[in-house]
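These notes concern the structure reproduced below.
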Amino acid sequence: MITIDTVAGLKEQMARLRQGGKRIAFVPTMGKLHAGHLHLMHEARQYAQAVVASIYVNPLQFGANEDFDAYPRTPGHDKVALLAAGVNVLFMPRDDEMYPRGRDAHTVVEVPCLSNELCGAFRPGHFRGVTTVVYRLFDLVAPDVALFGKKDYQQWLLIRLMTADLGMPVEIVGVETVRETDGLAMSSRNHYLSATERQTAPHLYMTLCSLRDRVLRHGSVTGEAEAAAIESLKTQGFRPDYVSVRRQDDLAMPRSEDKRLVALAAAWLGKTRLIDNVEFELKTGI
Ligand code: PAF
């Protein structure tokens, strides 16, 4: 595995790979890698002959009061894990390589509307930061395919919209969420949880599964079902930001003919914000 920390070095390496005619898969990350990330690396291998990963804790996607400084950084562990996962190139840039004119002066890329809903409503500017850094990384790596975990469902959809709107020639693949044995979705932020919070945390997934089952039983999405899910989370000790059932394809509110749905939630446990979602399909529309 070649580790590169400059834009010039990455461009050179990518040109070399492309000259060799290799199909390139790309997996961007912010590090503190867990089994979910490594699953993405293994999946990437199914799509291409060369796998490029990046580790960059992107300041643009953190709000002023968020955990940018505290975000876990474990480069030594991450490099060993990526090497073992068969990654060919690792890009670990510094801020001045990513945003040479400064992070606040950099041109931004934003998908309107959906960026400000669901998680976007609670984290203003977050998705603008995500699409901006992913655009920049795609421009540098020029991958044939890029893989994203579906735990960050809204992020995955926004990146699909960005690449479609801008005509970027990259296939965006969503990969199933990897869970702990008790159902908790793997996340780099899980390590913030105290031992007690860790025991409570799987209730987020359980609540979404119950919401899904209720919608499937009744054949309809109701405000009451979402409100009951919020109450159930509160009873368990969460502070929910939202629970919502949306259409899979565009995260719009479902209409009566829609069958492919996803229940999404974000909720705080102490100082940790957890997100999760469950996709499901109705036999007939709602
Ligand atoms: O999902 C993440 O880890 C980040 O949002 C991403 C896609 C690497 C952009 O910084």
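The values are calculated or read from the model by the stated rules, or taken from the named source; none is laboratory data. The model shown is predicted, which means the values in this text are computed figures rather than measured ones. FYI the Cβ positions are ideal-geometry reconstructions off the backbone, even for glycines, and counts take in every protein chain you see.
Cβ-Cβ distances below 9 Å connect the following pairs, each with a first residue in segment 232-260 that is within 16 Å of Lys150 (Cβ to Cβ), a second residue that is surrounded by fewer than 14 Cβ atoms within 10 Å (Cβ to Cβ) and of a type in the set (Gly, Ala, Ser), and a separation of six or more residues or different chains: Arg246/Ala252. Working only within segment 14-40, note down all residues that are in contact with a strand residue (DSSP E or B) (Cβ under 6 Å, 6 or more places away or on another chain) and within 29 Å of Tyr71 (Cβ to Cβ). Listed by number, the residues that qualify are Ile24, Ala25, Phe26, Val27, Pro28, Thr29, Gly31, Gly36, His37, Leu40. Looking at Leu166, Leu114, Leu147, Leu137, just one residue is aliphatic (A, V, I, L, M), within 13 Å of the chain's Cα centre (by Cα) and more than 27 Å from Gln236 (Cα to Cα), and that residue is Leu147. On the given criteria, is Ala105 surrounded by fewer than 16 Cβ atoms within 10 Å (Cβ to Cβ), within 17 Å of the chain's Cα centre (by Cα), more than 11 Å from the ligand (Cβ to nearest atom) and within 26 Å of Ala64 (Cβ to Cβ)? When the stated conditions are applied, Ala105 does not pass them.
Looking at segment 50-78, which of the residues that are over 24 Å from His126 (Cβ atoms) and surrounded by fewer than 14 Cβ atoms within 10 Å (Cβ to Cβ) is nearest to the ligand (Cβ to nearest atom)?
Taking segment 50-78 as the starting set, the residues that turn out to be over 24 Å from His126 (Cβ atoms) are 50-52, 76-77.
Retained after the next criterion (residues that are surrounded by fewer than 14 Cβ atoms within 10 Å (Cβ to Cβ)): 76-77.
Numbers: Gly76: 19, His77: 16 Å.
Selected residue: His77.
Annotation note: of Phe148, Phe138, the sole residue that is at pLDDT 95 or above, buried (at least 19 other Cβ atoms within 10 Å of the Cβ) and assigned to a helix (DSSP H, G or I) is Phe138.
Scanning segment 18-42 for residues that are away from the ligand (no atom under 11 Å from the Cβ) and assigned to a helix (DSSP H, G or I), which turns out farthest from the chain's Cα centre (by Cα)? Going through the qualifying residues, I end up with Gln19.
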